[in-house]
1. State the answer as a single residue: which of 368, 387, 358 lies farthest towards the positive end of the charge dipole of region 337-406, with beta carbon charges of +1 for Lys and Arg and -1 for Asp and Glu, about the Cα centre.
2. What is the calculated FRET efficiency for residue 547 to residue 660, with r their C-beta to C-beta distance and R₀ = 35 Å, to the nearest 0.05?
3. Using only protein heavy atoms and a 1.4 Å probe, report how much of residue 276 is accessible, in Å² to the nearest 10.
4. Heavy-atom accessible area of residue 34 with all protein chains present, probe 1.4 Å, nearest 10 Å²?
5. List every residue whose amide H lies under 5 Å from the amide H of residue 455, counting only residues 5 or more places away in sequence or on a different chain, with H placed 1.01 Å from N in the peptide plane.
6. Grab the beta carbon distance between residue 465 and residue 631, set R0 = 60 Å, and tell me the FRET efficiency rounded to 0.05.
7. Output the pairs from 390/421; 654/691; 397/473; 421/490 with a Cα-Cα distance over 30 Å in this structure; if there are none, say none.
8. Name the long-range amide H neighbours of residue 482: under 5 Å, sequence gap of 5 or more, or other chain; modelled H, no Pro or chain starts.
Amino acid sequence: MVVPEFRSPQCRALCTKLLLTLWVFSFVGEACKKVTFHVPSTLEADKIIGRVSLKECLSSADGIMPSDPDFRVLDDGSVYPTRTVVLSDEKRSFTIQLSDSKMQTQKEIPVILEHKKKVLKKRHTKETVLRRSKRRWAPIPCSMQENSLGPFPLFLQQVQSDAAQNYTVFYSISGRGADQEPLNWFFIERDTGNLYCTRPVDREEYDVFDLIAYASTADGYSADLPLPLPIKIEDENDNYPLFTEAIYAFEVPEGSRLGTVVGTVCATDKDEPDTMHTRLKYSILEQTPPSPGLFSVHPDTGVITTVSHYMDREVVDKYKLIMKVQDMNGQFFGLISTSTCIITVQDSNDNAPTFRQNTYETAVEENTYNVEILRIPVDDKDMINTANWKANFTILKGNENGWFKITTDPVTNDGVLCVVKPLDYEENHQVTLEIGVNNEAPFIKDVANRIPTMNRAMVTVHVKDQNEGPECKPPEQYVRIKENSAVGSKINGYKAYDPETKNSNGLRYKKLQDPKDWVSIEEVSGLLTISKTLDREIMAPRNDMYNITVMAIDQEGKSCTGTLAVNIEDVNDNAPEIIQDYIVICKPKMGYTDISAVDPDEPIHGPPFQFNLANTSPEVNRIWTLNQVNDTAARLSYQKTADVQIYNVPVTVKDRAGQSATKILRVNLCDCTHPSQCPLRSRSAGITLGKWAILAILLGIALLFSVLLTLVCGVVTARKGKHFPEDLAQQNLIISNTEAPGDDRVCSANGFTTHTANNSSQGFCGTMGSGMRNGGQETIEMMKGHQTLDSCRVAGHHHTLDSSRGGHMDTDNCRYTYSEWHSFTQPRLGEKLHVCNQNEDHIPSQDYVLTYNYEGRGSPAGSVGCCSEKQEEEGLDFLNNLEPKFLTLAETCTKR
């Protein structure tokens, strides 16, 4: 076992005392319950073996030490190998020693490790002796002074091993400061175990060096377990305390109470914490301006507070403090640092705005408004352009009629007094106002209790007289007129007056607005004359007033406008009217129906209504009955034996004043379950045609006659052998129909072929369809102009009806009747349709089945089928013989 050897007598005495204490504990120990662990033959390092219950053995144990150094025990009872252990016997045992230093008691827990027997290689006898289990003491920590002056190397302590009594032991160390960074700061003498330091050490850089000492024999075996050697660096007051900020900036409101916290300064010290070297004290070295002293600082926390309430921003708005911090608890030999603290006094509303004068005078002309009449300046010592400085003006007295308004100029802070409603000189020659002013921000309480917060001033406004126009007061005047009053009747009109003379003399009146143009106005007197019959019922809304706008003009042309509200009194000039015209009653589900009436007159001339069957026939009286339901409705009932049909039932309704009206109701007594099931039958009898429907029918008939007349004329013309003149044919541009995609050949003007797509002969003109040419199919083409019925043999040996393009041919050979043309084309068209239906998809092609009408003969134009665009340019030579009016169009057609 390695034991440090100290040369100091005090250290030796302390070690002797510790040994005696442990020796006493060894004799008073008691054994606890044995613990057995079943483990493998090889135990890996730092891998738990098991856990023992320490509290059951000694609950107050403050020391835990296993008897075998190959194992360690944690506070929770967990047992770990300190290294890889190979068990040579079937069992291995050791004890866990628990000690209580206060009670001076010790107990032991026997631990047995069992495993299956395994033959192991015997080890050297020296190794067995060197690794005998013995008790080990922790060394007393060693320390050295920070920034030591030496001499170096500086001796620290000597380390010795118990094995040195029997063997030659060599010492070595490892750890930070020896074989780890920083390297070679510590070394140990190989033979003596003396430990040295080679240089001064800064504690703020390295506060402790955890070295490990080793003792080994010459042949390399460890003579004892490694011994931890912590080297602690003792602190020296070599660091100044430093403030966290070079300049602190704080703010405090002016007029603050005593003890108001301004801010906190803080400093740090790199020396060892919780020592005198880091115990700091704060103080104020200097204040600018120096008097009076307004601030103090707590020596331990650095909190700055106010010590006076006489802090006025308007006197001093900024203070500068020099702060000091000193370590060693503020003793004179402590290290000192300083910092600057700037304290800005924030403005508070402690100064009221004041008027520069107590009274003001101004003048304004009557009938003027929205004009500025006076500016009132104020003074305020608070900070400019803040809520504490901005003025808030109020009219306290004299503005009960709302003539004036006062606002604040945001730039100058002046009060701006304006007139917002016209003043009348005849009513008030002058007006006296009391104006008050305070700030937008409220006053602080201390100031508000000492001085008044609102300053006051008196303003006298003189009203200047001017020549005014007439006044229309009140702006609305009322008059009553009975409905249907006689035309020409006169009633009172609107009356205005001159404010100077207080009468209407010299005023003229003019009507500005009369919605129905019912009245006229006399220019001088202003009386109204009824020019049309008044009808209350056409007003909207009916119960509202009828407003007439009138203008009054004085001799100088000044005017005013007013409204004459006419209340038109109702007379009973309207009979009640039944709302329904047509009614459906489902028999037998509905035994009756209700009818109702309305009267546009006022209620005094309206309901209750009386309903009766008027001048009815005996049949209607036998089937229908009418009973009153309420003031505006009656119930129409029928007899069960009534037939299902439409009835005309006359009903008379009379109001309370005797006005009556009769209406014939069309009642459809229908066999249904709901009235919606017979709307057609109920309305068929009453359907009438409007004028537009009759006009459409007449136009349709005229169109039909035109079509029939055209067909008749065409048949008569064909029978007489008429044909189109050649000059007319020359004036028509390609008027043709086609049933095939187009032509494959072009004919010259003399009737001979100039170009063919298939087999052709001179003197014949044939056309070949392009739709199904490979299948031997042909197209039938009908041209308007000179036509011949020729047979042109082409592939497939089918005939075609072709037309020659232009030329002067024999007229007799070119004229054929419609029946000849029809007999020629019908079989071929049928054949075409039959072939189209033989398509594999059995879908007819749109290029073949086309519907066209016969257009006559004589047209030199060719086909306009889908392939007609493939014609050559010379196919349009006939355009050269057109009339002059077609030359421009012809030039356009021949351009490419």
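The values are calculated or read from the model by the stated rules, or taken from the named source; none is laboratory data. Small disclaimer: the values here were computed from a predicted structure and weren't measured. Cβ placement follows ideal geometry from the backbone for every residue including glycine, while neighbour counts extend to all protein chains displayed. For accessibility, only protein heavy atoms count, side chains too; no ligands or nucleic acids. Shrake-Rupley method; radii C 1.70, N 1.55, O 1.52, S 1.80 Å.
1. Positive-most Cα among the choices belongs to 387.
2. 0.50
3. We get 60 Å² for residue 276.
4. The accessible area of residue 34 comes to roughly 120 Å².
5. Answer set, sorted by chain and number: 437.
6. Step by step, r from the Cβ atoms, then E = 0.40.
7. Going by Cα-Cα distance, 654/691; 421/490 fall outside the 30 Å limit.
8. Hits under the 5 Å cutoff: 569.
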